[in-house]
Amino acid sequence: MLSANDQAVQPHWLQVAFIGRRPKATLIRILALVTFCFVTFKYVLLPIRIEGISMQPTLHDGEFDCVNCLAYRWHEPQRGDIVSVRLAGPHVMLMKRIIALPGETLTFHEGHAYIDGKRLAEPYVKFECDWEHGPIVCSNNQYYVVGDNRSMPFEFHTQGRAERDRIVGKLFL
Amino acid sequence: MKKVFRLLLLLAGLGLGYWLWGLCCPSPEKLVQRQMARLATTATFTTHDSNISRALKISHLTGMFTVDAQVSLDASGETARTLNGRDEIRDAARSGLTMLSALKLEFSDVSIRVAPDKLTADVNCTTRVLMGGSRDMRAEEMHFQLRKIDGSWLISRAETVKTLT
């Protein structure tokens, strides 16, 4: 049973609901949460919205996802990774898949990608493709990036060699 | 408490002074930024714009370029094109406004570098264009060069930058 003195110090239920029993601790928690969210979503996981059809059926128009900016801090991008390539800055980026690594030569023949003459297995390409394109050599600092939807003519698909410093990160999910 | 209030008042006064200073004497970077924003607004038109309004936009747009301006466009999936001088830019703008029902131009990630002589500036940005009834916004990286002529910043060169080679 509460004494009259206990009832006097008991905060109002509205205060308890919104700012807790200890407002100072709540404020510190809020500040910590805001800082955590700011750092995470500004420097670690960049939230993105997919626009366009070039990565279908892997990624769909209007989907939300995140780019892991720390993915390539300790190792270099790998073949098959879906990466974000920045244009002038991080607000608009190209989402593409790496199919050729630095120093490799890429060819498209009858719609299939060949790396240094060997056919690349690409289970993620689901649509028909008839691309024919001569050898493309990636220099020591370049990665060849292309979308999974290759149903359009070669020249209408945004693709090419991306410099390493343009690769911002890897798709998180 | 009085001291804190005075300090806050002083900070607010300093902030207001800084804002007014920026408003009255804008830096070259700010002026270039405004010119780029003006370019995006002028080049944007909707289906509701009348022919007179479109003609005015063409005139304003052409006036934002120097007489000898060069525009080189090489977007993926499009034929590379170079426009030399105001007349060619005017013709291209006119045909664009006639062919398209609407156009929306936006600049993002704008970085401005003004030369030490404060007479030329380089601008790198991502240009996003939404044409006609299309749902897809096209994005291209672009580089602009501006020159200060008679007190106003005019575009002397505009070119697409190849993000993927």
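Just so you know, all these numbers are worked out from the coordinates, no wet-lab data involved. Computed from a prediction, not measured in an experiment: that's the story for all the values here. Backbone-built Cβ (ideal geometry, glycine too); neighbour counts: all protein chains shown.
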> In region B:61-165, what GluC sites (Glu not before Pro) fall in a loop by DSSP, with at most 16 other Cβ atoms inside 10 Å?
Replying inline: B:GLU78
> What longest range of chain A stays clear of loop-exposed trypsin sites (Lys or Arg not before Pro) (DSSP non-H/G/I/E/B, at most 16 other C-beta within 10 angstrom)?
Replying inline: A:22-72
> Where in region A:61-118 are there chymotrypsin sites (Phe, Trp or Tyr not before Pro) that are in a DSSP coil and have at most 15 other Cβ atoms within 10 angstrom of their Cβ?
Replying inline: A:TRP74
> If the cut-off is 30 Å between C-alpha atoms, which lysines fall inside it for A:LYS96, apart from same-chain ones fewer than 8 positions away?
Replying inline: A:LYS42, A:LYS118, A:LYS126, A:LYS170, B:LYS104, B:LYS162
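Filter the GluC sites (Glu not before Pro) in region A:104-173 to those in DSSP coil with at most 15 other Cβ atoms within 10 Å of their Cβ, and list the result.
On the way: sites: A:GLU104, A:GLU110, A:GLU128, A:GLU132, A:GLU155, A:GLU163; in loops: A:GLU104, A:GLU110, A:GLU128, A:GLU132.
Answer in residue order: A:GLU110, A:GLU128, A:GLU132.
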> Going toward the positive end of the dipole of region A:32-140, with +1 on Lys and Arg Cβ and -1 on Asp and Glu Cβ, which of A:ILE48, A:LEU33, A:HIS60 do you reach last?
Replying inline: A:LEU33
> Which whole-number percent gives the relative contact order of chain A, counting Cα pairs below 8 Å spaced six or more residues apart?
Replying inline: 22 percent
> Which whole-number percentage describes the relative contact order of chain B, with Cα contacts under 8 Å and a sequence gap of 6 or more?
Replying inline: 21 percent
> Can you tell which of A:VAL16, A:VAL39, A:VAL83 shows the greatest fluctuation in a Gaussian network model of chain A with Cα springs below 10 Å?
Replying inline: A:VAL16
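Rounded to the nearest 500 deg cm²/dmol, what is the calculated helix-only ellipticity per residue at 222 nm for chain B, with -39500 (n - 2.57) per DSSP H run of length n ≥ 4?
Value at 222 nm, helices only: -13500 deg cm²/dmol.
In chain B, which helices (entire DSSP H runs) extend 20 Å or more along their own long axis, judged by Cα positions, while averaging at least -1.0 on the Kyte-Doolittle scale?
Working: long enough: B:2-24 (33 Å, 1.24); B:28-43 (22 Å, -0.46); B:85-99 (21 Å, -0.83).
The answer, listed by residue number, is B:2-24, B:28-43, B:85-99.
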>> Output the 0 to 90 degree angle, nearest 10, between the alpha-carbon long axis of helix A:23-39 and the longest principal axis computed from the alpha carbons of chain A.
In response: 10 degrees
>> Looking at chain B as a GNM with Cα springs under 10 Å, which of B:LEU23, B:LEU83, B:LEU103 has the largest mean-square fluctuation?
In response: B:LEU23
